[in-house]
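The values are calculated or read from the model by the stated rules, or taken from the named source; none is laboratory data. Since the structure is predicted, the reported quantities are computational estimates derived from the model, not experimental observations. Counting neighbours? That spans all protein chains shown, and the Cβs are built from the backbone with ideal geometry, glycine included.
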Amino acid sequence: MMLLKAFLLGGLICLAAQLCMDLTPFQVTPAHVLVGMVALGAVLSGLGLYQPLLDWGGSGASVPLSGFGHVMAQGAIEGAREDGLMGALRGGLTAGAAGISAALLTGFCASVFFKPKG
């Protein structure tokens, strides 16, 4: 049952992003959607609304970009509780360090093994 819930929630998040790109009257690029989904995840996390989605949908909520925003926001909130303003600035990067490192390493490997354009 958990797989079905994760599939449905992840699919709904991706559907919302695709509809933003397809149905807006102005040109929305994938970069706009990326920033919007991370920001939306952070805002929902700060309001306490993202954790119930995570509890219900599991990886369907944690894998999309909104899940990255949730991790960053939770790290910043925890850092702010421990160390104040500097903790808030440091906490998001600390919490998201594994995801950021994996993205950088994967991008580097892809550029080594394939011919990048640009």
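A few comments on the model shown:
- Residue, farthest from LYS5 (Cα to Cα), within region 40-55, restricted to residues that are touching a helix residue (DSSP H, G or I) at 6+ places or on another chain (Cβ under 6 Å) and not hydroxyl-bearing (Ser, Thr, Tyr): GLY46
- Looking across region 80-97, the residues that are surrounded by 10 or more Cβ atoms within 10 Å (Cβ to Cβ) and of a type in the set (A, V, I, L, M) come down to ALA80, MET86, ALA88, LEU89, LEU93, ALA95, ALA97.
- Residue in region 68-81 that is of a type in the set (Asp, Glu) and either over 27 Å from MET2 (Cβ atoms) or out of contact with any helix residue (DSSP H, G or I) (no Cβ under 8 Å at 6 or more places or on another chain) (or both) present: no
- Close contacts from region 6-33, counting a first residue that is within 20 Å of GLY57 (Cβ to Cβ) and a second that is of a type in the set (Val, Ile, Thr) and at pLDDT 90 or above, with Cβ to Cβ under 9 Å and a gap of 6+ residues or different chains, come to ALA17/VAL33; GLN18/VAL33; CYS20/VAL33.
- Selection status of ALA39, of a type outside the set (D, E, K, R) and within 18 Å of ALA97 (Cα to Cα): yes
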